[in-house]
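Enquirer: Take a look at this one; I'll ask things after.
The values are calculated or read from the model by the stated rules, or taken from the named source; none is laboratory data. Given the structure is predicted, the values throughout are model-derived calculations rather than measurements. For neighbour counting, all protein chains shown are included, and Cβ atoms are generated from backbone atoms with ideal geometry for every residue, glycine included. Just the protein is used for accessible areas: all its heavy atoms, side chains included, with ligands, DNA and RNA removed. Shrake-Rupley method; radii C 1.70, N 1.55, O 1.52, S 1.80 Å.
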Amino acid sequence: MINLVYYLVTAAMGSTNEEIIKPHAVLLQSKELYKYILQTSVYPREAAPLKELREATATHHMSFYATAPDAGQLVALLLKMVNAKQTIEIGVYTGYSLLLAALTIPDDGKITAIDINRTTYEMGLPIMKKAGVEHKINFIESPALPVLDKLLEDKEKEGSIDFAFVDADKGNYKNYHERLMKLIKIGGIVVYDNTLWGGTVVLPEDDVPEFEREGRKSALEFNQKISADPRVEICLAPLGDGITICRRIS
Ligand code: SAM
Ligand code: CA
(Lines give C-alpha, C1' and ligand atoms only; values in the text may rest on other atoms or scores of the structure.)
(Ligands and ions follow the chains in the order given, each with its own letter.)
Protein backbone atom coordinates (compact mmCIF):
# COMPACT_ATOMS: atom_id res chain seq x y z
CA MET A 1 0.00 0.00 0.00
CA ILE A 2 2.33 2.73 1.18
CA ASN A 3 5.46 0.67 0.54
CA LEU A 4 6.82 2.59 -2.42
CA VAL A 5 6.19 5.96 -0.83
CA TYR A 6 7.79 4.60 2.32
CA TYR A 7 10.80 3.45 0.34
CA LEU A 8 11.09 6.80 -1.44
CA VAL A 9 10.81 8.75 1.79
CA THR A 10 13.26 6.55 3.68
CA ALA A 11 15.62 6.80 0.73
CA ALA A 12 15.25 10.58 0.87
CA MET A 13 15.99 10.35 4.59
CA GLY A 14 19.18 8.44 3.74
CA SER A 15 18.18 5.40 5.75
CA THR A 16 17.96 2.61 3.18
CA ASN A 17 21.31 1.13 4.20
CA GLU A 18 20.66 1.48 7.89
CA GLU A 19 18.22 -0.31 10.08
CA ILE A 20 14.91 -0.64 8.20
CA ILE A 21 12.39 1.55 9.92
CA LYS A 22 8.71 0.73 9.91
CA PRO A 23 6.54 2.61 7.41
CA HIS A 24 4.78 4.02 10.47
CA ALA A 25 7.76 6.29 11.11
CA VAL A 26 7.40 7.97 7.73
CA LEU A 27 5.19 10.82 8.85
CA LEU A 28 7.40 11.66 11.79
CA GLN A 29 10.41 12.18 9.45
CA SER A 30 12.86 11.08 12.13
CA LYS A 31 13.50 7.43 12.82
CA GLU A 32 15.45 8.32 15.95
CA LEU A 33 12.48 10.17 17.39
CA TYR A 34 10.11 7.38 16.42
CA LYS A 35 12.41 4.81 18.02
CA TYR A 36 12.57 6.98 21.13
CA ILE A 37 8.77 7.09 21.36
CA LEU A 38 8.48 3.35 20.90
CA GLN A 39 11.23 2.50 23.36
CA THR A 40 10.25 5.03 26.01
CA SER A 41 6.50 5.09 25.91
CA VAL A 42 5.07 2.26 23.82
CA TYR A 43 7.00 -1.03 24.08
CA PRO A 44 7.50 -1.00 27.87
CA ARG A 45 3.73 -0.78 28.28
CA GLU A 46 2.62 -2.99 25.39
CA ALA A 47 0.71 -6.02 26.71
CA ALA A 48 2.56 -9.34 26.16
CA PRO A 49 -0.11 -10.79 23.80
CA LEU A 50 0.06 -7.65 21.64
CA LYS A 51 3.82 -7.92 21.44
CA GLU A 52 3.48 -11.59 20.49
CA LEU A 53 0.94 -10.74 17.78
CA ARG A 54 3.05 -7.88 16.45
CA GLU A 55 6.08 -10.17 16.22
CA ALA A 56 4.08 -13.03 14.68
CA THR A 57 2.72 -10.63 12.03
CA ALA A 58 6.12 -9.08 11.22
CA THR A 59 7.09 -11.87 8.80
CA HIS A 60 3.78 -11.83 6.90
CA HIS A 61 4.01 -10.30 3.41
CA MET A 62 1.32 -7.71 4.28
CA SER A 63 2.75 -6.85 7.71
CA PHE A 64 2.61 -3.12 6.92
CA TYR A 65 -1.19 -3.48 7.28
CA ALA A 66 -0.90 -3.83 11.06
CA THR A 67 -1.81 -0.80 13.14
CA ALA A 68 1.24 1.14 14.35
CA PRO A 69 1.82 0.36 18.04
CA ASP A 70 2.05 4.05 19.00
CA ALA A 71 -1.29 4.75 17.32
CA GLY A 72 -2.61 1.63 19.06
CA GLN A 73 -1.56 3.01 22.42
CA LEU A 74 -3.65 6.14 21.81
CA VAL A 75 -6.60 4.02 20.67
CA ALA A 76 -6.41 2.01 23.94
CA LEU A 77 -6.37 5.22 25.94
CA LEU A 78 -9.46 6.49 24.08
CA LEU A 79 -11.25 3.18 24.65
CA LYS A 80 -10.58 3.54 28.38
CA MET A 81 -11.59 7.21 28.47
CA VAL A 82 -15.07 6.50 27.10
CA ASN A 83 -15.41 3.27 29.11
CA ALA A 84 -16.03 1.46 25.85
CA LYS A 85 -17.97 -1.77 26.17
CA GLN A 86 -19.64 -2.19 22.75
CA THR A 87 -17.26 -1.64 19.86
CA ILE A 88 -16.91 -2.17 16.12
CA GLU A 89 -13.74 -3.04 14.27
CA ILE A 90 -13.78 -2.59 10.48
CA GLY A 91 -10.68 -4.21 8.95
CA VAL A 92 -9.11 -6.84 11.19
CA TYR A 93 -6.14 -8.35 9.28
CA THR A 94 -4.22 -10.41 11.91
CA GLY A 95 -5.90 -8.46 14.70
CA TYR A 96 -3.47 -6.04 16.37
CA SER A 97 -6.10 -3.31 16.85
CA LEU A 98 -8.76 -5.95 17.55
CA LEU A 99 -6.71 -7.62 20.30
CA LEU A 100 -5.86 -4.21 21.69
CA ALA A 101 -9.59 -3.44 22.04
CA ALA A 102 -10.36 -6.90 23.41
CA LEU A 103 -7.69 -6.50 26.10
CA THR A 104 -8.96 -3.03 26.99
CA ILE A 105 -12.76 -3.36 27.22
CA PRO A 106 -14.35 -5.09 30.24
CA ASP A 107 -14.95 -8.83 30.40
CA ASP A 108 -18.60 -8.50 29.36
CA GLY A 109 -17.78 -6.11 26.50
CA LYS A 110 -18.35 -7.09 22.84
CA ILE A 111 -16.55 -6.29 19.62
CA THR A 112 -18.18 -6.76 16.23
CA ALA A 113 -15.12 -7.37 14.08
CA ILE A 114 -15.60 -7.38 10.30
CA ASP A 115 -13.19 -8.39 7.55
CA ILE A 116 -13.50 -9.98 4.12
CA ASN A 117 -10.52 -12.20 4.96
CA ARG A 118 -10.92 -14.85 7.67
CA THR A 119 -7.50 -16.40 6.97
CA THR A 120 -5.51 -13.46 8.33
CA TYR A 121 -7.84 -13.19 11.35
CA GLU A 122 -7.15 -16.86 12.05
CA MET A 123 -3.40 -16.17 12.09
CA GLY A 124 -3.89 -14.02 15.18
CA LEU A 125 -6.72 -16.04 16.72
CA PRO A 126 -4.55 -18.47 18.77
CA ILE A 127 -2.91 -15.49 20.49
CA MET A 128 -6.34 -13.96 21.22
CA LYS A 129 -7.51 -17.32 22.63
CA LYS A 130 -4.41 -17.63 24.78
CA ALA A 131 -5.00 -14.09 26.07
CA GLY A 132 -8.49 -15.19 27.20
CA VAL A 133 -10.39 -12.55 25.22
CA GLU A 134 -11.95 -14.56 22.35
CA HIS A 135 -15.38 -14.50 24.05
CA LYS A 136 -15.52 -10.71 23.55
CA ILE A 137 -15.08 -11.01 19.77
CA ASN A 138 -17.81 -11.61 17.19
CA PHE A 139 -15.87 -12.00 13.95
CA ILE A 140 -17.93 -11.60 10.78
CA GLU A 141 -16.37 -12.55 7.46
CA SER A 142 -17.98 -10.09 5.07
CA PRO A 143 -17.62 -6.73 3.38
CA ALA A 144 -18.35 -4.27 6.20
CA LEU A 145 -21.05 -2.11 4.58
CA PRO A 146 -23.84 -4.75 4.46
CA VAL A 147 -23.02 -5.77 8.05
CA LEU A 148 -23.45 -2.18 9.25
CA ASP A 149 -26.69 -1.87 7.25
CA LYS A 150 -27.95 -5.09 8.81
CA LEU A 151 -27.15 -3.81 12.30
CA LEU A 152 -29.12 -0.64 11.52
CA GLU A 153 -32.24 -2.67 10.64
CA ASP A 154 -32.57 -3.14 14.40
CA LYS A 155 -33.64 0.25 15.77
CA GLU A 156 -32.28 -0.72 19.19
CA LYS A 157 -28.77 -0.74 17.75
CA GLU A 158 -28.92 2.98 17.01
CA GLY A 159 -26.72 4.86 19.46
CA SER A 160 -25.66 1.59 21.11
CA ILE A 161 -21.96 1.55 20.19
CA ASP A 162 -19.29 3.27 22.29
CA PHE A 163 -16.32 3.07 19.96
CA ALA A 164 -15.36 2.08 16.41
CA PHE A 165 -12.00 1.64 14.73
CA VAL A 166 -12.07 1.89 10.94
CA ASP A 167 -9.13 0.50 8.99
CA ALA A 168 -10.47 -1.21 5.85
CA ASP A 169 -11.07 -0.09 2.24
CA LYS A 170 -10.46 3.66 2.25
CA GLY A 171 -12.92 4.42 -0.58
CA ASN A 172 -15.74 3.38 1.74
CA TYR A 173 -14.73 5.51 4.75
CA LYS A 174 -17.40 8.09 3.85
CA ASN A 175 -20.03 5.32 3.70
CA TYR A 176 -18.86 3.79 6.98
CA HIS A 177 -19.02 7.22 8.56
CA GLU A 178 -22.70 7.68 7.64
CA ARG A 179 -23.61 4.30 9.17
CA LEU A 180 -21.44 4.87 12.24
CA MET A 181 -23.01 8.27 12.89
CA LYS A 182 -26.22 6.31 13.59
CA LEU A 183 -24.68 3.37 15.45
CA ILE A 184 -22.33 5.30 17.74
CA LYS A 185 -23.84 6.95 20.80
CA ILE A 186 -23.48 10.68 21.33
CA GLY A 187 -20.17 11.10 23.12
CA GLY A 188 -18.83 7.94 21.47
CA ILE A 189 -15.65 7.83 19.41
CA VAL A 190 -14.79 6.71 15.89
CA VAL A 191 -11.13 6.46 14.86
CA TYR A 192 -10.22 6.32 11.17
CA ASP A 193 -6.75 5.03 10.29
CA ASN A 194 -4.42 6.04 7.43
CA THR A 195 -5.96 9.45 6.85
CA LEU A 196 -2.62 10.97 5.82
CA TRP A 197 -1.94 8.12 3.35
CA GLY A 198 1.82 7.99 3.70
CA GLY A 199 2.02 11.78 3.46
CA THR A 200 0.79 11.70 -0.16
CA VAL A 201 -2.11 14.04 0.69
CA VAL A 202 0.27 16.98 0.32
CA LEU A 203 2.05 15.76 -2.82
CA PRO A 204 1.02 16.85 -6.32
CA GLU A 205 -0.85 13.96 -7.93
CA ASP A 206 1.80 13.56 -10.65
CA ASP A 207 4.45 12.90 -7.99
CA VAL A 208 2.41 10.08 -6.43
CA PRO A 209 2.92 6.56 -7.78
CA GLU A 210 -0.07 5.36 -9.81
CA PHE A 211 -1.03 2.64 -7.30
CA GLU A 212 -1.20 5.16 -4.44
CA ARG A 213 -3.45 7.66 -6.19
CA GLU A 214 -6.79 6.10 -5.37
CA GLY A 215 -5.91 5.89 -1.65
CA ARG A 216 -4.67 9.49 -1.72
CA LYS A 217 -7.89 10.65 -3.41
CA SER A 218 -10.04 8.79 -0.85
CA ALA A 219 -8.06 10.31 2.04
CA LEU A 220 -8.35 13.83 0.58
CA GLU A 221 -12.11 13.50 0.06
CA PHE A 222 -12.67 11.93 3.45
CA ASN A 223 -10.60 14.53 5.31
CA GLN A 224 -12.65 17.32 3.64
CA LYS A 225 -15.91 15.62 4.49
CA ILE A 226 -15.03 15.04 8.14
CA SER A 227 -13.72 18.57 8.55
CA ALA A 228 -17.09 19.95 7.42
CA ASP A 229 -19.22 17.52 9.48
CA PRO A 230 -20.94 19.34 12.37
CA ARG A 231 -21.98 16.02 13.99
CA VAL A 232 -18.43 15.39 15.21
CA GLU A 233 -15.52 17.01 17.01
CA ILE A 234 -12.30 15.91 15.32
CA CYS A 235 -8.56 15.65 15.62
CA LEU A 236 -6.28 14.43 12.83
CA ALA A 237 -3.32 13.14 14.83
CA PRO A 238 -0.09 12.49 12.88
CA LEU A 239 0.54 9.15 14.56
CA GLY A 240 1.23 6.05 12.51
CA ASP A 241 -0.13 6.84 9.04
CA GLY A 242 -2.44 9.54 10.40
CA ILE A 243 -5.45 8.79 12.57
CA THR A 244 -8.58 10.89 12.62
CA ILE A 245 -10.38 10.82 15.96
CA CYS A 246 -14.06 11.79 15.85
CA ARG A 247 -16.31 12.33 18.83
CA ARG A 248 -20.00 12.28 17.99
CA ILE A 249 -21.72 15.34 19.41
CA SER A 250 -25.11 15.28 17.66
N1 SAM B 1 -6.55 -2.96 11.88
C2 SAM B 1 -5.76 -4.06 11.39
C3 SAM B 1 -4.57 -4.31 12.31
O4 SAM B 1 -4.39 -3.61 13.29
O5 SAM B 1 -3.80 -5.22 12.01
C6 SAM B 1 -5.28 -3.83 9.96
C7 SAM B 1 -6.38 -3.82 8.92
S8 SAM B 1 -5.76 -3.90 7.29
C9 SAM B 1 -5.00 -2.38 7.03
C10 SAM B 1 -7.19 -3.76 6.27
C11 SAM B 1 -8.13 -4.96 6.30
O12 SAM B 1 -9.36 -4.57 5.70
C13 SAM B 1 -7.63 -6.17 5.53
O14 SAM B 1 -7.54 -7.28 6.41
C15 SAM B 1 -8.71 -6.41 4.46
O16 SAM B 1 -9.01 -7.77 4.24
C17 SAM B 1 -9.90 -5.69 5.05
N18 SAM B 1 -10.90 -5.22 4.09
C19 SAM B 1 -10.68 -4.69 2.85
N20 SAM B 1 -11.85 -4.34 2.29
C21 SAM B 1 -12.82 -4.63 3.19
C22 SAM B 1 -14.24 -4.48 3.21
N23 SAM B 1 -14.90 -3.97 2.18
N24 SAM B 1 -14.91 -4.87 4.31
C25 SAM B 1 -14.26 -5.39 5.38
N26 SAM B 1 -12.92 -5.57 5.41
C27 SAM B 1 -12.22 -5.19 4.34
CA1 CA C 1 -4.18 0.91 8.87
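Enquirer: Going through segment 181-235 one residue at a time, which ones are over 29 Å from L151 (Cα atoms) and of a type in the set (S, T, N, Q)?
Expert: Result: T200, single match.
Enquirer: Of the residues in segment 102-120, how many are more than 10 Å from ligand 1 (Cβ to nearest atom) and not in a loop (DSSP other than H, G, I, E, B)? It would help to see each step written out before you state the result.
Expert: Step one: filter segment 102-120 for residues more than 10 Å from ligand 1 (Cβ to nearest atom), giving 102-112.
Imposing the further condition that a residue be not in a loop (DSSP other than H, G, I, E, B) reduces the set to 102-104, 110-112.
Counting residues in segment 102-120 that are more than 10 Å from ligand 1 (Cβ to nearest atom) and not in a loop (DSSP other than H, G, I, E, B) gives 6.
Enquirer: Please list, ordered by first then second residue, the pairs with beta carbon atoms under 9 Å, 6 or more apart or interchain, first in segment 218-231 and free of Cβ contacts under 8 Å to residues at least 12 places away in the same chain, second open to solvent by 30 Å² or more (accessible area, probe 1.4 Å).
Expert: S227/I234; S227/L236
Enquirer: Among the residues of segment 31-50, write down those that are more than 15 Å from Y121 (Cα to Cα), part of a helix (DSSP H, G or I) and under 17 Å from the mean Cα position of the chain (by Cα).
Expert: V42
Enquirer: Residues being under 21 Å from G188 (Cβ atoms), open to solvent by 30 Å² or more (accessible area, probe 1.4 Å), touching a helix residue (DSSP H, G or I) at 6+ places or on another chain (Cβ under 7 Å) and not basic (K, R): count how many of those fall in segment 237-250.
Expert: Number of matching residues: 1.
Enquirer: Name the single residue, out of those in segment 169-188 being open to solvent by 10 Å² or more (accessible area, probe 1.4 Å) and in a strand (DSSP E or B), that is nearest to E89 (Cα to Cα).
Expert: Among those residues, the one meeting the criterion is K185.
Enquirer: Across segment 116-146, which residue is farthest from T57 (Cα to Cα) among those that are within 16 Å of ligand 2 (Cβ to nearest atom) and out of contact with any helix residue (DSSP H, G or I) (no Cβ under 6 Å at 6 or more places or on another chain)?
Expert: Among them, the one singled out is A144.
Enquirer: Just to check your reading of the model, which residue among S160, S142 is surrounded by fewer than 18 Cβ atoms within 10 Å (Cβ to Cβ), of a type in the set (G, A, S) and closer than 21 Å to P106 by Cα? Please lay out each step first, then the result.
Expert: Working: S142 fails: closer than 21 Å to P106 by Cα.
None of the others qualify; the one that does is S160.
Enquirer: Continuing with the same structure: What is the residue count in segment 122-168 for residues that are near ligand 1 (Cβ under 10 Å from one of its atoms), free of Cβ contacts under 8 Å to residues at least 24 places away in the same chain and in a loop (DSSP other than H, G, I, E, B)?
Expert: Residues that pass the stated criteria total 0.
Enquirer: Can you pull out the residues in segment 89-115 that are within 13 Å of ligand 2 (Cβ to nearest atom), hydroxyl-bearing (S, T, Y) and within 14 Å of Q73 (Cα to Cα)?
Expert: Answer for segment 89-115, where residues must be within 13 Å of ligand 2 (Cβ to nearest atom), hydroxyl-bearing (S, T, Y) and within 14 Å of Q73 (Cα to Cα): Y96, S97.
Enquirer: Name the single residue that is most open to solvent (accessible area, probe 1.4 Å) among those in segment 51-74 being within 13 Å of the chain's Cα centre (by Cα) and over 18 Å from Q39 (Cα atoms).
Expert: Ranking the candidates gives Y65 first.
Enquirer: Follow-up. Those residues that are more than 16 Å from V166 (Cα to Cα) and open to solvent by less than 20 Å² (accessible area, probe 1.4 Å), I need them from segment 200-233; list them, please.
Expert: Listed by number, the residues that qualify are T200, V208, E212, D229.
Enquirer: Suppose we filter segment 54-72 for residues that are away from ligand 2 (no atom under 15 Å from the Cβ) and either of a type outside the set (G, A, S) or assigned to a loop (DSSP other than H, G, I, E, B) (or both); how many remain?
Expert: Of segment 54-72, the ones away from ligand 2 (no atom under 15 Å from the Cβ) are 55-56, 58-59, 61.
Within this subset, residues satisfying the condition of being either of a type outside the set (G, A, S) or assigned to a loop (DSSP other than H, G, I, E, B) (or both) are 55, 58-59, 61.
Matching residues across segment 54-72 total 4.
Enquirer: Identify all residues within segment 80-94 that are outside any loop (DSSP other than H, G, I, E, B) and either crowded, with 23+ Cβ neighbours inside 10 Å or near ligand 1 (Cβ under 6 Å from one of its atoms) (or both); write none if there are none.
Expert: T87, I88, E89, I90
Enquirer: Would you say S97 is small (G, A, S), open to solvent by 20 Å² or more (accessible area, probe 1.4 Å) and modelled with pLDDT of 95 or more?
Expert: no
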